[in-house]
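Colleague: Just passing along the structure, written as structure tokens.
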Amino acid sequence: SIVGLTAGIYTLTVTDTNGCEISEDTLLTEPPLIQPFVNFIDPNCGGLETGILMLDSIAGGTPPFRYSIDNDTFGLLSTFESLSPDDYTYYVLDDNDCLVDTTAILGKPDIPEIYFEKDIVILLGCDETLPVLTNNTTLTNIQWTPNLFMDCDTCLRPKVNPTEEIDYILTLTSIDDCTDTDTINVQVLKIRDVYFPNAFSPNGDNINDLFSIGIGKSVQQVNYFKVYGRWGELVYDARDIQPSDLRVGWDGTLKGKRMGSGVYAWIAEVTYLDGITLFFRGDVSLID
């Protein structure tokens, strides 16, 4: 036996003890080169450690084949899974210890991540920007549900002013069609702010000349506001007062005539943004 020969034509001669000999030529050929066809599959939306190196087919070489991605540990399994984004070299070793490799890069998927710092509490009638943070991804779609009490349901950080506690759900989609969804809870603190002064002085000095209602942001409207004289006569009656109307109030007159100093009774009905209606009553002093 002769081993370690390279490819080529060899002549073998055999001679016996009588000096008789016979010769014959033989051709040694190289085995065909190993040509592996490998699928390099990038990590997907399921996470960064979802990359795969998978042998599709192999040509040439001498089976059985063994495989490795570290050029150290070779085995019969031709698929390598749970790989992170990185440069990888796929090695194939045949039965003749012939070794070939192929290299490629597993790319990083664009996976969006949502971070809500905390749930928020807002005052009834006030608005608040939802505190959203995200990782550095290229977004192709932003969607909030439900799209109630907000100025924009496709903006990353909309302003909201709900009248009741609500959960807002945010869904982000990246350029790789990866999605992330998270929920933020918004609670509503219902301070029913409305203020009625106990005195006014309609003397034309532009200071406390009107007996008017101080309306906060939680008020939808004042349904009615009435003032009565000392004998029960109605001296002022205003209805459907809007929060933006600061000019509405009693100027201390009745039919253009100045009323005298004294204590006057009043009643009012106020409806708030959450639909609750409350009744108020009290007294006010008209001061010369």
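The values are calculated or read from the model by the stated rules, or taken from the named source; none is laboratory data. Computed from a predicted model, the values in this text were never measured in an experiment. All Cβ positions, glycine included, derive from the backbone under ideal geometry; neighbour counts span all protein chains shown. Ligands, DNA and RNA are stripped out before the accessible areas are found, and what is left, the full protein with its side chains, is counted by its heavy atoms. Shrake-Rupley method; radii C 1.70, N 1.55, O 1.52, S 1.80 Å.
Colleague: Tally up the residues in region 262-281 that are loosely packed, with under 13 Cβ neighbours inside 10 Å and on the phi < 0 side of the Ramachandran plot, please.
Modeller: Adding up the residues that qualify gives 5.
Colleague: Select from region 241-261 the residues that are surrounded by 12 or more Cβ atoms within 10 Å (Cβ to Cβ), of a type outside the set (V, I, T) and in a strand (DSSP E or B) and list them in ascending order.
Modeller: Within region 241-261, W250, L254, R258 qualify.
Colleague: Please specify each residue of region 160-198 satisfying the condition of being in a strand (DSSP E or B), open to solvent by 70 Å² or more (accessible area, probe 1.4 Å) and farther than 30 Å from E269 by Cβ.
Modeller: Scanning region 160-198 gives D167, T179, T181.
Colleague: Taking the condition of being in contact (Cβ under 8 Å) with a residue 12 or more places away in the chain and in contact with a Lys or Arg (Cβ under 7 Å, 6 or more places away or on another chain), how many residues in region 75-89 meet it? So that I can check it myself, show each step before the final result.
Modeller: Taking region 75-89 and keeping what is in contact (Cβ under 8 Å) with a residue 12 or more places away in the chain, we get 76, 78-89.
Narrowing the set further to residues that are in contact with a Lys or Arg (Cβ under 7 Å, 6 or more places away or on another chain) leaves 76, 85.
Number of matching residues: 2.
Colleague: Is there any pair linking a residue in region 47-74 that is in contact (Cβ under 8 Å) with a residue 60 or more places away in the chain to one that is polar (S, T, N, Q) and open to solvent by less than 80 Å² (accessible area, probe 1.4 Å), with Cβ under 9 Å and at least six apart or on different chains, and which?
Modeller: Matching pairs, first to second residue: L48/S84.
Colleague: To continue, here is another question. Evaluate the following for E164: is it of a type outside the set (A, V, I, L, M, F, W, C) and touching a residue at least 24 places away in the same chain (Cβ under 8 Å)?
Modeller: Considered against the rule, which asks whether it is of a type outside the set (A, V, I, L, M, F, W, C) and touching a residue at least 24 places away in the same chain (Cβ under 8 Å), E164 comes out as yes.
Colleague: Quick test for you: out of L93, L48, L53, L28, pick the one residue that is in contact with a strand residue (DSSP E or B) (Cβ under 9 Å, 6 or more places away or on another chain) and at pLDDT below 95.
Modeller: On the way: L93 fails: at pLDDT below 95; L48 fails: in contact with a strand residue (DSSP E or B) (Cβ under 9 Å, 6 or more places away or on another chain); L53 fails: at pLDDT below 95.
Just one listed residue meets the conditions, L28.
Colleague: State all residues of region 76-127 that are surrounded by 15 or more Cβ atoms within 10 Å (Cβ to Cβ), more than 30 Å from K217 (Cβ to Cβ) and of a type in the set (D, E); if no residue qualifies, say none.
Modeller: Result: D94, D101, D110.
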